[in-house]
Amino acid sequence: MTELPWLSRFVDRFPGDPVRENAIRCVQGVLYSEVQPTPVRLPQLMAWSDSLANELGIASPSLLEDEILIKLLAGNYVSPKMKPYAARYGGHQFGSWAGQLGDGRAITLGEVVTAKSIRREFQLKGAGPTPYSRMADGRAVLRSSIREFLCSEAMYFLGIPTTRALSLVTTGEGVIRDFFYDGHPKAEPGAIICRVSPSFLRFGNFEILAAYQELSLLKDLAQFVIQDHYPELDPKDPHVYEKFLCEVSKKTAWMIAHWMRVGFVHGVMNTDNMSILGLTLDYGPYGWLESYDPSWTPNMIDADRGRYGFGNQPSIAQWNLTRLCEAFLPLVRDEARVYESLEIYRVTFEQVHKAMLSKKLGLESLDSQDTQELVKNLWILLQAFETDYTIFFRLLCDWTIEQNDKSHENPGDKFIHLISPAFYSIRSIEPHLREQWIYWSEKYTAILKLIESKDARRRAQMKLVNPKYVLRNYLAQNVIEAAQNGDFSPLNRLFRVLKAPYEDQPQEEDLAVKPPEWARKAPGYSTLSCSS
Ligand code: AMP
Ligand code: MG
């Protein structure tokens, strides 16, 4: 990796901060500040994504012995061809303009174009302070680094647009954090991950330029992104920015539809965490829906308000896109067309979400009144019965209508028996409530019987969209606690299982079950703080 042909196009092409001192400040009129990672005491490589390395053509043999590589992944070695920098961006946080944010602890090392012509940006997260670190230390704790490493890769294997993670290095240094923000800070082990993405640019990189009226920079940055990532657009087209916003809207709609499909809750959908490429970005207090509840968020500080709760994600994405549109207003000729992109977002999301939902249920479409009724009642039942979202849909893949016709068992009993591992609530055994599920299953079965496709084929296809393994917070917390005690093998096992989330892995059943009762409300196991 040290021998890779590193490029620094961003630094070479755009104006950077003239001040070279690494001190916190307000930066204006530029897109980034050049900054060196701060070396750490004792870097040790603890996790590595073979699949990403293979994709990039990076050799991963004898990693533990490759001292230079580990130094590079820890920020202790910077190749002479690199020009590391922290990007300047702003953002709307929890509904209000927050001003300058920027890469406060992420440092881009550079770009690489691989032998397969894949262009990727490499970024260290937790590599030390930058001019954008505000009041913080530029570091990351092991627990949040494990969470980001695992989730980036888990999302990739789920088929969801995301930034990736190549490595996780422990630093041998402590980082002080106050997990509950209650005046009890303590030292935690520190870590650094190396993130990889076609680009880490966010809505906020554009918003800050509009906020400070730096319009020629705004235009140059937009042209850069369009040329690199939206080759279908003609950069000289007089309506290119309106069209660009439409494309960003479509990509964002797809990303959100995927999140809804697998029950992912990002937790902090501020505009500085929204990728301009529609990739899931910045894994903080995220989580997966367990007991179905659209208002649920894993983010402790948002629990009361629920702004970024599961069911709000589609409309929050639209709110964020609206802020992006506003940032582009000074560049466009046709204001009305800018806002058309929001309608494109809405329509794309609705279509894709519906198509995904219909696949989750093994149906051909959700167009008929019967299917719409079926879905509406499903949401009511899932919530009323405190039903695990992932387990329910996965079990539904095993509902066989052909067998029902032959078997002597009552189909209603059989259905309840099939899905009951997904229930949290003991109310599920109450007869009158049980009847509602049976009624739902009868309607579902009747609709399935109208479908011509073979039953076995339908079930196999359902398994391709309903994952068996997702990164539940309690699973992440278990591997974090082991890692904090020096044992990284549970992490590597979980990582291996998450690489095949749609496959039944009979040896790994224990990673596909509901959290134990005590973990359902415990901090770290269910809800997370932003302290990371
Ligand atoms: P986040 O909520 O993690 O997306 O971060 C919001 C802003 O805070 C970004 O500008 C981050 O770079 C910055 N930030 C978060 N944690 C740290 C840290 N430990 N040190 C410096 N900056 C940080
Ligand atoms: Mg962020």
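The values are calculated or read from the model by the stated rules, or taken from the named source; none is laboratory data. Source: prediction; values computed, not measured. Methodologically, a virtual Cβ is constructed for each residue, glycine included, from the backbone with ideal geometry; neighbour enumeration extends over all protein chains shown.
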Open item on the list: Among the residues in the stretch 208-230, are any within 15 Å of ligand 2 (Cβ to nearest atom), in the same structural domain as Tyr292 (by TED's automatic domain parsing), in contact with a strand residue (DSSP E or B) (Cβ under 6 Å, 6 or more places away or on another chain) and part of a helix (DSSP H, G or I)?
Closed with: yes
- [ ] Would you check which residues across the stretch 356-374 are without any contact (Cβ under 8 Å) to a residue 40 or more places away in the chain and part of a helix (DSSP H, G or I) and list them?
- [x] Ser358, Gln369, Gln372
Open item on the list: Is it the case, given these coordinates, that Val11 is within 16 Å of ligand 1 (Cβ to nearest atom) and in contact with a strand residue (DSSP E or B) (Cβ under 9 Å, 6 or more places away or on another chain)?
Closed with: no
Task: Lone unmet requirement of (1) within 14 Å of ligand 1 (Cβ to nearest atom); (2) within 26 Å of Tyr77 (Cβ to Cβ) for Ala115 - done: (1)
Open item on the list: Would you confirm whether or not the stretch 511-529 contains a residue that is farther than 30 Å from Gln372 by Cα and within 16 Å of ligand 2 (Cβ to nearest atom)?
Closed with: yes
Task: the stretch 142-160 residues that are assigned by TED's automatic domain parsing to the domain that holds Arg261, paired with ones that are outside any helix (DSSP H, G or I) (beta carbon under 9 Å, 6 or more apart) - done: none
Task: Some residue of the stretch 152-174 being crowded, with 22+ Cβ neighbours inside 10 Å and on the phi > 0 side of the Ramachandran plot - done: no
TODO: Kindly provide the set of residues from the stretch 1-31 that are within 28 Å of Trp48 (Cβ to Cβ) and in contact (Cβ under 8 Å) with a residue 60 or more places away in the chain, ordered by number.
DONE: Met1, Thr2, Leu4, Pro5, Trp6, Leu7, Ser8, Arg9, Phe10, Val11
Open item on the list: out of contact with any His (no Cβ under 6 Å at 6 or more places or on another chain), buried (at least 16 other Cβ atoms within 10 Å of the Cβ) and assigned by TED's automatic domain parsing to the domain that holds Cys246: is that true of Thr348 in this structure?
Closed with: yes
Open item on the list: Given the criteria out of contact with any Ser or Thr (no Cβ under 9 Å at 6 or more places or on another chain), of a type outside the set (S, T, N, Q) and at pLDDT 95 or above, does Gly104 qualify?
Closed with: no
Task: the stretch 262-282 - residue that is assigned to a helix (DSSP H, G or I) and more than 25 Å from Glu517 (Cα to Cα) and, of those, farthest from ligand 1 (Cβ to nearest atom) - done: Thr271
Task: Scan of the stretch 262-306 for residues that are of a type in the set (Lys, Arg) and within 16 Å of ligand 2 (Cβ to nearest atom), ordered by number - done: none
Open item on the list: Going by what's in this entry, would Gln213 be described as at positive phi and surrounded by fewer than 22 Cβ atoms within 10 Å (Cβ to Cβ)?
Closed with: yes
Open item on the list: Checking Cys397 against (1) of a type outside the set (Gly, Ala, Ser); (2) farther than 30 Å from Ser96 by Cα; (3) surrounded by fewer than 18 Cβ atoms within 10 Å (Cβ to Cβ): exactly one of these is not met. Which one?
Closed with: (3)
Open item on the list: Please verify whether Arg20 is outside the structural domain of Asn270 (by TED's automatic domain parsing) and within 16 Å of ligand 2 (Cβ to nearest atom), treating the condition exactly as stated.
Closed with: no
Open item on the list: For the stretch 76-99, give me each residue that is in contact (Cβ under 8 Å) with a residue 60 or more places away in the chain, in a strand (DSSP E or B) and under 23 Å from the mean Cα position of the chain (by Cα).
Closed with: Ala87, Gly90, Gly91, His92, Gln93, Trp97, Ala98
Task: Residues (under 28 Å from Ser358 (Cα atoms), aromatic (Phe, Trp, Tyr) and surrounded by 19 or more Cβ atoms within 10 Å (Cβ to Cβ)) located in the stretch 225-278 - done: Trp259, Phe264
Open item on the list: Which count do you get for residues in the stretch 283-307 that are within 16 Å of ligand 1 (Cβ to nearest atom), part of a loop (DSSP other than H, G, I, E, B) and buried (at least 22 other Cβ atoms within 10 Å of the Cβ)?
Closed with: 5
TODO: Identify all residues within the stretch 100-118 that are of a type in the set (Gly, Ala, Ser) and outside any strand (DSSP E or B); write none if there are none.
DONE: Gly102, Gly104, Ala115, Ser117
Task: the stretch 256-274 residues that are charged (D, E, K, R), paired with ones that are within 16 Å of ligand 1 (Cβ to nearest atom) (beta carbon under 6 Å, 6 or more apart) - done: Asp272/Tyr89; Asp272/Gly91; Asp272/Leu101; Asp272/Arg202; Asp272/Gly204
Task: Hits in the stretch 21-63 (condition: at pLDDT below 95 and part of a loop (DSSP other than H, G, I, E, B)) - done: Gly57, Ile58, Ala59, Ser60, Pro61, Ser62
- [ ] Just name the residue that is nearest to ligand 1 (Cβ to nearest atom) out of those in the stretch 123-144 that are farther than 18 Å from Arg195 by Cα and crowded, with 24+ Cβ neighbours inside 10 Å.
- [x] Tyr132
TODO: Could you tell me whether the stretch 105-122 includes any residue that is within 12 Å of ligand 2 (Cβ to nearest atom), crowded, with 24+ Cβ neighbours inside 10 Å and in the same structural domain as Arg177 (by TED's automatic domain parsing)?
DONE: no
